[in-house]
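What follows is one structure encoded as structure tokens, with my remarks underneath.
The values are calculated or read from the model by the stated rules, or taken from the named source; none is laboratory data. Every value quoted in this text rests on a predicted model; they were computed, and no experiment measured them. No Cβ is skipped: glycine too gets one built from the backbone with ideal geometry, and neighbour counts run over all protein chains shown. Only protein heavy atoms, including side chains, enter the accessible area calculation; ligands, DNA and RNA are left aside. Shrake-Rupley method; radii C 1.70, N 1.55, O 1.52, S 1.80 Å.
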Amino acid sequence: MLRRPGILITGASGEIGHGLISRLAQDRSTPIVTLDVRNLEPDLGKMVHREIIGSITDPAALDRILAEFDIDHVYHLAAYLSTRSEFTPVTAHEVNVEGTMNLLEFAQKQGESHGRPVVFLYPSSIAAYGLPDLETKAKAGKVREEEFNTPTTMYGCNKLYCELLGRYYARHYKQLSAEPLSGKVDFRAVRFPGLISAVTVPSGGTSDYAPEMIHAAAKGEAYACFVRPDTRIPFMAMPDGVEVLLKLAYAPRERLSKTAYNVGAFNPSAEEVRHIVLESFPGANLTYANDVKRQGIVDSWPGDVNDSAARADWGWAPQYDFRRAFSEYLIPMIRERYAK
Ligand code: SER
């Protein structure tokens, strides 16, 4: 029996999956296979060839996909985010690390069976960084990939370690075996900033204050931001987040000097986000109620990232700066969404 070609997306019902499926489905040439513990929204479900309900922690589910599909691209989006992971660190490790290990093995087997490298897209995070205090954060400015790799969260540890696992599969897998076996997994990771979508609201993250503020204002609900007004981390509009994955997926392999890249777009303070939201929703009830512990996590993340490697190697350049993200994407789409 011949296997059918396909692109595999894990965690497809999540925020990035939503945008990615809509984009990939525009090009109908390669069927999309999704794996998620939750159902896709019906509109999205229609865009995919096969929707599998199952967990990345179940190797049998992956074996079934292996038996049926010839996968050349894996977008491994499934993960527990940073806040949620702090409440259940062992489960977070199981999903974020062991789940990723299963996917890397899956990609290795795919590569061995069809003979082509499997491009493996992995969204890592600014949570992979851990800056020790605010003074160091202010002095550090735009951090480079190899700096401050000392995350304080379970999620950050998981992401950083999985970046290394991916690099291992890509470059050193079974390095003592007689036949060369590495290179079957073409691992490509990006350290995403906080992502802001007009269509979905995140759950369980610590950069959630920005999207929560915007969506609450649009719905006419009061919102108390859990970080201080001066808190600053990088953010990106979701269409650029999807663009990052597609651009990196199709970049020529020989151009890639790294297996994990920073990508930046804009880095407003919480107060700057509040201001720009108030410009569009003047009556919005947006206040502050500091959560010292979640604040600690955000303070350990960089204020900005140096993404010069992504720009030089595969031409990364965001379409949406802070103003444009709000005026041309977030505000009009969110208004439309809640007007329904
Ligand atoms: N948005 C993520 C989180 O807050 C960071 O990658 O967990």
Looking at the stretch 157-183, which of its residues are open to solvent by 20 Å² or more (accessible area, probe 1.4 Å), within 15 Å of the ligand (Cβ to nearest atom) and in contact with a strand residue (DSSP E or B) (Cβ under 8 Å, 6 or more places away or on another chain)?
Leu160
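Taking the stretch 270-291, which residues are in contact with a Gly (Cβ under 9 Å, 6 or more places away or on another chain) and surrounded by 16 or more Cβ atoms within 10 Å (Cβ to Cβ)? Even if it seems obvious, please write down each step before you answer.
Here is the first cut: in the stretch 270-291, the residues in contact with a Gly (Cβ under 9 Å, 6 or more places away or on another chain) are 281, 283-285.
Listed by number, the residues that qualify are Phe281, Ala284.
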Taking the condition of being open to solvent by 20 Å² or more (accessible area, probe 1.4 Å) and in a loop (DSSP other than H, G, I, E, B), how many residues in the stretch 184-197 meet it?
1
Inspect all residues belonging to the stretch 264-283 and state whether any of them is within 18 Å of Val143 (Cβ to Cβ) and polar (S, T, N, Q).
yes
Considering only the stretch 3-39, state which residues are under 18 Å from Ile65 (Cα atoms), surrounded by fewer than 20 Cβ atoms within 10 Å (Cβ to Cβ) and not β-branched (Val, Ile, Thr).
Arg3, Arg4, Pro5, Pro31, Arg38, Asn39
Scan the stretch 80-100 for residues that are within 11 Å of the ligand (Cβ to nearest atom) and touching a strand residue (DSSP E or B) at 6+ places or on another chain (Cβ under 9 Å) and jot them down.
Leu81, Ser82
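Tell me, yes or no, whether the stretch 266-285 has at least one residue that is touching a Leu at 6+ places or on another chain (Cβ under 8 Å), more than 23 Å from Ala170 (Cβ to Cβ), part of a loop (DSSP other than H, G, I, E, B) and at pLDDT 95 or above. Please lay out each step first, then the result.
First, pick out the residues of the stretch 266-285 that are touching a Leu at 6+ places or on another chain (Cβ under 8 Å): 274, 277-278, 284.
Checking the rest, the ones that are also more than 23 Å from Ala170 (Cβ to Cβ) come to 274, 277-278, 284.
Still in the list and also part of a loop (DSSP other than H, G, I, E, B): 284.
Still in the running and at pLDDT 95 or above: 284.
Yes - at least one qualifying residue is present in the stretch 266-285.
Okay, residues lined up against (1) over 28 Å from Ala67 (Cα atoms); (2) buried (at least 19 other Cβ atoms within 10 Å of the Cβ):
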{"position": "Phe87", "(1), (2)": "yes, no"}
{"position": "Asn96", "(1), (2)": "no, yes"}
{"position": "Ser124", "(1), (2)": "yes, yes"}
{"position": "Glu135", "(1), (2)": "yes, no"}
{"position": "Glu147", "(1), (2)": "yes, no"}
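Here's the yes/no breakdown for (1) in a strand (DSSP E or B); (2) in contact (Cβ under 8 Å) with a residue 24 or more places away in the chain; (3) touching a helix residue (DSSP H, G or I) at 6+ places or on another chain (Cβ under 9 Å); (4) exposed (fewer than 14 other Cβ atoms within 10 Å of the Cβ):
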{"site": "Lys293", "(1), (2), (3), (4)": "no, no, yes, yes"}
{"site": "Arg311", "(1), (2), (3), (4)": "no, no, no, no"}
{"site": "Ser327", "(1), (2), (3), (4)": "no, no, yes, no"}
{"site": "Ile334", "(1), (2), (3), (4)": "no, yes, yes, no"}
Filter the stretch 203-212 down to the residues that are in contact (Cβ under 8 Å) with a residue 60 or more places away in the chain and over 28 Å from Phe106 (Cα atoms), then identify the one that is most open to solvent (accessible area, probe 1.4 Å).
Ser207
Across (1) out of contact with any strand residue (DSSP E or B) (no Cβ under 6 Å at 6 or more places or on another chain); (2) at pLDDT below 95; (3) open to solvent by less than 60 Å² (accessible area, probe 1.4 Å), His114 clears everything bar (1)
